[in-house]
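Engineer: Shown below is the structure under consideration.
Nothing in this text is a laboratory measurement; each read-out follows from the coordinates by a stated rule. Quick caveat, the model's predicted, so the values are computed rather than measured. Neighbour counts are summed over all protein chains in view; Cβ atoms, including those assigned to glycine, are modelled from backbone coordinates with ideal geometry.
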Amino acid sequence: MKKPYQSATRLLRAGRPHQGWVNTPVTRASTYVFDSVAAWRDTRTRREQERLPSYGARGTDSTHALEDALVELEQGHRAALYPTGQAAIAMVLLAFLRSGDHVLVTDAVYEPVRRFCVEHLSRLGIEYTFYRPDGVGVEALIRPNTRMIYAEAPGSLTYDMPDLCDLSTAAKKHDCWLAVDNTWASGLIYKPLTLGADISVMAATKYLGGHADVMMGAVVTNARAWRALERANIDFGQTVGADDAFLVLRGMRSLPLRMAQHAANAARVATWLQGRPEITRVLCPALPGDPSHAIWRRDCTGANGLLTLELDGAYTAADADRLIDSLELFGIGASWGGFESLVIPVRLDTRALPDATPRGAMLRLHIGLEDPIDLIGDLEQGLSAMTKISRSL
């Protein structure tokens, strides 16, 4: 776009390749046919440098439109789409790492990624080391064969915000790639590529889709990283369907409004929870007093609906389960980012590094778009019921 419009305005117009379309139509295609052998050969040659219709696995108007919108959202160079967020992360690791390489991975990493490192990277001869979720001390862990620093901003469950500027400086100094899981911010309220990262990964399943009805992953890179990722995508046959691309692009149009409401609802619920005697801590980088609050204020322009609660030490994991089972408005489900409120019990015992801070039983809440008054009422009755049962045992 010619003028420096605000992000919400740009997002409404991104991914509209043809004049007259408000929503890019769904283009389902596997085979493209050509007028001549010469035209076929020309396209196959040019597609190595250009994005052209040539074969369905390399994209259609539907997937290209979503890619363009993601590039606009993340202020990157090119974007790629995957069937899930985990598939996107796995492709990034496989595209940039080879046998004999070493990768530094945040200890707050999404648990399936930890398992991928343990079970698959090690099998391929790729070494890994987990570093502190806040990123402190990363440079001292870099080895001569370190090829990537993999971050989550913020980290899963505890929402530690690494200083991405420091990570970027260390990565550039030692010629490493810097990849960041940006699902929490969904490209809207945090921009890893502008802070020095090479690769930004998102689970479009979450806030980008926003309606709990589509699975997808996405990666946006800078110009330097794009070619290696593109080649790996082709070799591994990574693609998504046109209908799913349409749903994610449609969800993105309302992303700024939804994200702001999720954040407002979560802030109201969090403030109420902080006053409850059953709760030791509410973890969220947007809350004053959170260890990551200063970096969040510097680098982010908003928050989302995620909160993690630590119960007082008088309550057990069984008490936490009873609390969850008593809630009416919170579904018990592992995903988040849709319009609905969710809750699950969480544990940190799979992390590699010791945590000196005592941790009571923990729950993760996703605060949805319901009225926060109703959500607070539901949590109040649940906490009261949990306390009553706990004291009677």
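Engineer: Can you compute the charge dipole magnitude of the stretch 330-383 about its Cα centre, using +1 on each Lys and Arg Cβ and -1 on each Asp and Glu Cβ, nothing else charged? Give it in debye, rounded to the nearest 20. List each step's numbers first, then the result.
Structural biologist: On the way: 4 positive and 8 negative charges, 91 e Å.
The dipole of the stretch 330-383 has a size of about 440 debye.
Engineer: Rounding to the nearest 10 and keeping the result within 0 to 90°, find how far the Cα-based axis of helix 372-392 lies from the longest principal axis of the chain.
Structural biologist: Approximately 50 degrees, to the nearest 10.
Engineer: Which distance in nm do the two modelled labels at Glu370 and Asp175 give, with both placed 7 Å along the Cα-to-Cβ direction?
Structural biologist: About 5.5 nm, to one decimal.
Engineer: So if I take the alpha carbon set of the stretch 134-200, get Rg, then get Rh from the Kirkwood formula, what is the Rg over Rh ratio? Present the calculation step by step, with values, prior to reporting the outcome.
Structural biologist: Numbers: Rg = 11.3 Å, Rh = 11.9 Å.
Here the Rg-to-Rh quotient is 0.95.
Engineer: In µm²/s, what is D for the stretch 220-353 at 25 °C and 0.890 mPa s, where D = kT/(6 pi eta Rh) by Stokes-Einstein and Rh is the Kirkwood radius from Cα pairs? If you can, show how the numbers build up before the last one.
Structural biologist: Details: Rh = 18.3 Å.
The Stokes-Einstein estimate is 134 µm²/s.
Engineer: Moving to a separate point now. So what are the stretch 64-157's ellipsoid semi-axes, whole angstrom, largest first, if each one is the square root of 5 times an eigenvalue of the alpha-carbon gyration tensor?
Structural biologist: Working: eigenvalues 117, 51, 37 Å².
For the stretch 64-157, the ellipsoid semi-axes come out as 24, 16, 14 Å.
Engineer: If you don't mind, another one. Give me the percent of Cα-Cα pairs in the stretch 1-152 that sit more than 21 Å apart, rounded to a whole number.
Structural biologist: 61
Engineer: GluC sites (Glu not before Pro), restricted to the stretch 21-124: which are DSSP loop and have at most 13 other Cβ atoms within 10 Å? If you can, show how the numbers build up before the last one.
Structural biologist: On the way: sites: Glu48, Glu50, Glu67, Glu72, Glu74, Glu119; in loops: Glu48, Glu50.
Within the stretch 21-124, the qualifying GluC sites (Glu not before Pro) (loop, at most 13 other Cβ atoms within 10 Å) are Glu48, Glu50.
Engineer: Using a Förster distance of 30 Å, how high is the FRET efficiency between Tyr32 and Arg98, based on the Cβ-Cβ distance and rounded to 0.05? Don't skip to the answer; put the middle values down first.
Structural biologist: Values: r = 33 Å, r/R0 = 1.11.
Plugging the Cβ-Cβ distance into 1/(1 + (r/R0)^6) gives 0.35.
Engineer: Another one. Where in the chain lies the longest segment free of chymotrypsin sites (Phe, Trp or Tyr not before Pro) that are both loop residues by DSSP (not H, G, I, E, B) and have at most 12 other Cβ atoms within 10 Å?
Structural biologist: Working: sites that count: Tyr5, Trp21.
For chymotrypsin sites (Phe, Trp or Tyr not before Pro) (loop position, at most 12 other Cβ atoms within 10 Å), the longest site-free span of the chain is 22-393.
Engineer: What longest range of the chain stays clear of loop-exposed trypsin sites (Lys or Arg not before Pro) (DSSP non-H/G/I/E/B, at most 16 other C-beta within 10 angstrom)? Write down the numbers at each step before the final one.
Structural biologist: On the way: sites that count: Lys2, Arg28, Arg47, Arg51, Arg98, Arg123, Arg347, Arg359.
It runs 124-346.
Engineer: Run the numbers for Thr84 and Asp166: contour at 0.36 nm per residue of separation, minus the present Cα-Cα distance, in nm.
Structural biologist: Values: separation 82, 0.36 × 82 = 29.52 nm, distance 2.93 nm.
Once the chain is fully extended between Thr84 and Asp166, it gains 26.6 nm.
Engineer: Could you give the length gained on full extension between Ala294 and Asp235, defined as 0.36 nm per residue of separation minus the Cα-Cα distance, in nm?
Structural biologist: Numbers: separation 59, 0.36 × 59 = 21.24 nm, distance 4.20 nm.
Taking 0.36 nm per residue and subtracting the Cα distance, the gain is 17.0 nm.
Engineer: What Kirkwood radius, in Å to one decimal, follows from the Cα pairs of the chain? List each step's numbers first, then the result.
Structural biologist: Numbers: mean 1/r = 0.0452 Å⁻¹.
Evaluated on the chain, it is 22.1 Å.
Engineer: How much length is gained on full extension from Arg115 to Leu141, taking 0.36 nm per residue of separation minus their Cα-Cα distance? Could you put the intermediate results ahead of the total?
Structural biologist: On the way: separation 26, 0.36 × 26 = 9.36 nm, distance 2.08 nm.
Roughly 7.3 nm would be gained on extension.
Engineer: Measure off 7 Å from each Cα along the Cα-to-Cβ vector at Ala264 and Ala223, then give the distance between these two points in nanometres to one decimal.
Structural biologist: 4.0
Engineer: So for the pair Asp321, Thr45, with labels modelled 7 Å out along Cα→Cβ, what separation do we get in nm?
Structural biologist: Using points 7 Å along Cα→Cβ, the separation is 6.6 nm.
Engineer: Sticking with this structure for a sec: How much of the pair distance distribution for the stretch 332-389 lies past 14 Å, counting alpha-carbon pairs only, in percent? Provide the component values of the computation, followed by the final result.
Structural biologist: Values: 1114 of 1653 pairs.
More than 14 Å apart: 67 percent of the Cα pairs in the stretch 332-389.
Engineer: Enter the angle in degrees (range 0 to 90, nearest 10) between the Cα long axis of helix 164-173 and the first principal axis of the Cα atoms of the chain, meaning the one along which they spread out most.
Structural biologist: Taking Cα atoms only, the helix is inclined about 50 degrees.
Engineer: Moving to a separate point now. Quick one: angle between helix 85-96 and the longest Cα principal axis of the chain, in degrees between 0 and 90, rounded to 10, please.
Structural biologist: Tilt relative to the chain: about 60 degrees.
Engineer: Here is a follow-up. Work out the FRET efficiency for Gln75 and Gln381 from their Cβ-Cβ distance, taking R0 = 51 Å, and round it to the nearest 0.05. Spell out each step's value before the answer.
Structural biologist: Details: r = 44 Å, r/R0 = 0.87.
About 0.70, to the nearest 0.05.
Engineer: Sticking with this structure for a sec: For the stretch 212-262, what ratio Rg/Rh do Cα atoms give with a Kirkwood hydrodynamic radius?
Structural biologist: Values: Rg = 14.2 Å, Rh = 13.2 Å.
Radius of gyration relative to Kirkwood radius: 1.07.
Engineer: How are the C-alpha pair distances of the stretch 299-354 spread across 10 Å bins, as whole percents from the shortest bin up?
Structural biologist: 18, 43, 32, 7
Engineer: Once the Cα gyration tensor of the stretch 44-94 is found, what semi-axes does its equivalent ellipsoid get, as square roots of 5 times the eigenvalues, in whole Å, sorted largest first?
Structural biologist: 19, 15, 11
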